[in-house]
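Working notes for the structure below.
No value in this document is a laboratory result; all are computed from the given coordinates. Everything quoted here is computed from the prediction, not taken from an experiment. Methodologically, a virtual Cβ is constructed for each residue, glycine included, from the backbone with ideal geometry; neighbour enumeration extends over all protein chains shown.
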Number of protein chains: 2
Amino acid sequence: MLIALDAMGGDHAPAEIVAGALLARNELGIEIALVGPREIIAAELARHGETPTGIEIIHASEAIAMDEHPAQAVRSKRDASINVAMGMVKRGVASSFVSAGNTGAVMASALMTLGRVHGIERPALGTIAPYTETGVLVLDVGANADVKPNYLVQFAQMGSVYAERVMGVRNPRVALLNIGGEETKGSELMQDVHGRLSKANINFVGNIEGGEVHNGRADVVVTDGFTGNVAVKVTEGAADFIFHELRGALTSKLRYKLAALVLKPALLQLREKMDPGTYGGVPLLGVNGVVIIAHGASDARAVRNALHAANEAASSGMLDAIRSLAKR
Amino acid sequence: MLIALDAMGGDHAPAEIVAGALLARNELGIEIALVGPREIIAAELARHGETPTGIEIIHASEAIAMDEHPAQAVRSKRDASINVAMGMVKRGVASSFVSAGNTGAVMASALMTLGRVHGIERPALGTIAPYTETGVLVLDVGANADVKPNYLVQFAQMGSVYAERVMGVRNPRVALLNIGGEETKGSELMQDVHGRLSKANINFVGNIEGGEVHNGRADVVVTDGFTGNVAVKVTEGAADFIFHELRGALTSKLRYKLAALVLKPALLQLREKMDPGTYGGVPLLGVNGVVIIAHGASDARAVRNALHAANEAASSGMLDAIRSLAKR
């Protein structure tokens with residue numbers, strides 16, 4: 001169960017990626033292939049004083065930067081770490097792939113190298129919102145800006161599989177993100193999707209409004225990639241804003257500063273709970289392999305958590321379950 | 001400059017509505033017509049020991065509940081407070097209308113009674129996010145679940161007028177909410193809109209991603225009513241969640257409780273800043289009259305702030321400016 005890890009992906013690569021790999025190996029006993037330029041990775045491992053056991057280096061001469069054009073970079077840099085690692089998954093050498101790199105490039109490389117699961121029309125990118133014990137899976141959050149009704153039905157089915165198999169939710173409640181509760185509410189597209197989801201073989205609990213996602217009424221929230229991307233990013237922005245303002249308020253007076261010092265552990269714990277890195281990695285569902293994407297800002301802990309998610313996903317039979325969806 | 005105020009609209013009507021009217025009259029010297037059942041309003045005013053000066057009661061025998069079907073209720077209850085007040089604006093008896101009631105009913109009544117400004121294809125509902133000194137105007141946040149490209153161009157133009165005239169922003173920066181920075185990013189619809197906005201007679205600053213709205217890079221953020229509604233509501237939900245968790249964390253240990261007591265004023269101030277009621281009211285733009293919608297949960301202060309916004313909007317020449325947009 002070797003996991004291929006993109007050593008060159010993310011804002012803090014390779015240092016935090018390599019550190020995260022070591023954490024995962026030590027804490028979870030996961031075997032990892034660090035993919036990227038051998039000398040760079042070896043130097044990073046040496047900084048930790050490690051003679052790698054349970055960690056191997058797979059050489060890839062190139063890296064795709066966070067701001068490169070995804071599809072172009074994936075096509076032109078055939079020996080990029082993302083492409084090399086994806087090839088390992090394709091050949092069955094690795095059980096799964098984790099990257100904190102250019103999300104668009106990971107998606108493009110996954111489509112090009114692994115392809116879609118037979119019968120799945122479009123892959124979907126999920127994310128996990130920290131509103132419940134298990135988290136709320138929201139998908140699609142950016143793979144598909146333009147959608148057809150049936151894509152969303154498949155997102156719902158794939159999301160249900162992921163929530164059940166990987167997040168450990170029994171009979172996951174699936175809701176459609178919409179701007180009203182009743183089936184006649186929302187855009188024409190979403191009214192159509194609502195009707196289809198009612199007949200799909202999932203535990204569909206109806207529409208959910210934006211203001212209800214945090215209350216835990218659904219385990220899986222289905223939307224198009226445009227709305228989902230905006231929703232996730234405005235939420236992150238609002239959380240950043242609140243914590244920034246909070247910091248400002250708590251340091252505005254001396255007596256506040258002293259009180260804030262006492263509260264620091266509680267505040268840090270809350271900040272961490274809201275941090276996308278806590279769940280570590282989010283799945284790209286519908287491609288023919290297990291691909292987990294970590295937040296670009298991932299630190300070692302987030303990388304460790306993403307590797308954990310990949311390990312769970314690879315060993316859960318999730319991919320086979322998605323393959324059999326399309327056969328129904 | 002009499003403002004018609006829906007005495008029966010909102011979760012805390014009529015008590016908080018009447019209290020808000022008194023606040024606005026006392027603090028801002030605004031003249032207000034409280035619209036609703038005469039006895040109920042008179043009793044409420046009597047509780048404040050007020051012989052109304054500067055406040056009159058306009059009788060309306062019915063009220064539309066928050067959960068009634070908007071268009072049906074507006075059509076069947078001709079003597080509902082919303083309809084009666086809208087008629088006052090139509091006849092020029094009132095300069096503007098404020099309601100914390102059923103948003104859909106206010107929109108339906110506005111369209112039915114006032115109609116659209118000639119040349120404006122669809123009205124848009126704005127909201128004001130508390131991220132900057134003046135606030136960031138986001139529109140549409142729910143009037144139009146399905147849009148055509150030109151609607152959004154008009155939303156941008158109307159939003160620009162409102163930001164300049166009512167919010168006091170000089171040469172407002174207008175951005176398009178999208179899932180990538182470049183003009184080639186996002187849905188087909190938004191790519192089309194981007195091109196049109198580049199040629200529109202506004203200060204268009206390009207796409208803005210969901211994670212950038214809070215950073216003050218734009219004064220006006222344009223989107224369709226589906227995405228905008230979801231964005232605003234998930235943001236409110238996330239803020240509620242964070243403050244709820246914060247409360248939980250700060251009361252989890254005795255020493256936290258004591259420190260939190262010291263910080264209470266700062267925390268309340270931040271909570272208030274994030275409260276939709278702080279800006280009080282948001283405009284329904286494109287209808288042929290000044291209509292300000294207050295949050296359903298409005299308390300007296302929020303109602304007072306909404307009356308302030310209505311007063312500013314009515315005296316700013318905003319409506320004439322929107323009328324002349326369509327003539328260009």
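About its Cα centre, segment A:1-83 has a charge dipole of approximately 200 debye under the convention of +1 per Lys or Arg Cβ and -1 per Asp or Glu Cβ, with nothing else charged. Legend: mean number of C-beta atoms from other chains within 10 angstrom of residue C-beta atoms, peptide A:289-297, equals 0. If you restrict to DSSP beta bridges whose two residues both lie in segment A:122-278, what percentage is antiparallel, to the nearest 5? If I count the DSSP bridges inside segment A:122-278, around 30 percent turn out antiparallel. Considering only alpha-carbon pairs that sit under 8 angstrom and 6 or more positions apart, the relative contact order computed for segment A:117-173 is 30 percent.
Which of the three applies to chain B, rounded, prolate or oblate, going by the alpha-carbon gyration tensor with a ≥ b ≥ c and a/c under 1.5 meaning rounded? Here chain B falls in the oblate category.
Counting Cβ atoms of other protein chains within 10 Å of each Cβ in B:130-138 and taking the mean gives 1.
Annotation: extensible slack from B:H244 through B:L268 equals 7.4 nm (criterion: 0.36 nm per residue apart, minus Cα-Cα distance). Residue order for B:D79, A:D6, A:D192, B:D224, fewest other beta carbons within 10 angstrom first, comes to B:D79, A:D192, B:D224, A:D6.
Taking one quarter of the surface of the convex hull spanned by the alpha-carbon atoms of the protein assembly as shown gives a direction-averaged projected area of 30.5 nm². With a Förster radius of 30 Å applied to the C-beta separation of B:T184 and B:V205, the computed FRET efficiency comes to 0.95. A Förster radius of 45 Å combined with the Cβ-Cβ distance from B:E27 to A:K148 puts the calculated FRET efficiency at roughly 0.25. Rounded to the nearest 5, the antiparallel percentage of DSSP beta bridges internal to chain A is 30%. In terms of distances greater than 30 angstrom between alpha carbons, the cross-link table entries B:K148/B:K273; A:K185/B:K185; A:K273/B:K148; A:K233/B:K90; B:K90/B:K273; A:K148/A:K233 yield B:K148/B:K273; A:K273/B:K148; A:K233/B:K90; B:K90/B:K273. The mean number of partner chain beta-carbon atoms within 10 angstrom of a residue's beta-carbon across peptide A:33-39 is 0. Here the contact order of chain B, divided by its residue count and restricted to Cα pairs under 8 Å and six or more residues apart, works out to 23 percent. Label point of B:G317 (7 Å along Cα→beta-carbon): distances to the other copies' equivalent points are 7.3 nm, sorted ascending.
Take every pair of alpha-carbon atoms less than 8 Å apart whose residues are at least six positions apart; their mean separation over the length of segment A:134-254 yields a relative contact order of 39 percent.
Partners of A:K253 within straight-line reach, counting aspartates and glutamates whose Cα lies under 17 Å from its Cα and excluding those fewer than 8 residues away in the same chain: A:E245.
For segment A:93-200, a crude dipole built from +1 on the beta carbon of Lys and Arg and -1 on the beta carbon of Asp and Glu, taken about the Cα centre, is about 260 debye to the nearest 20.
Each of B:L246, B:F204, B:M274 was placed along the dipole of segment B:191-328 (beta-carbon charges, centred on the mean Cα), and the one lying farthest toward the positive end is B:L246.
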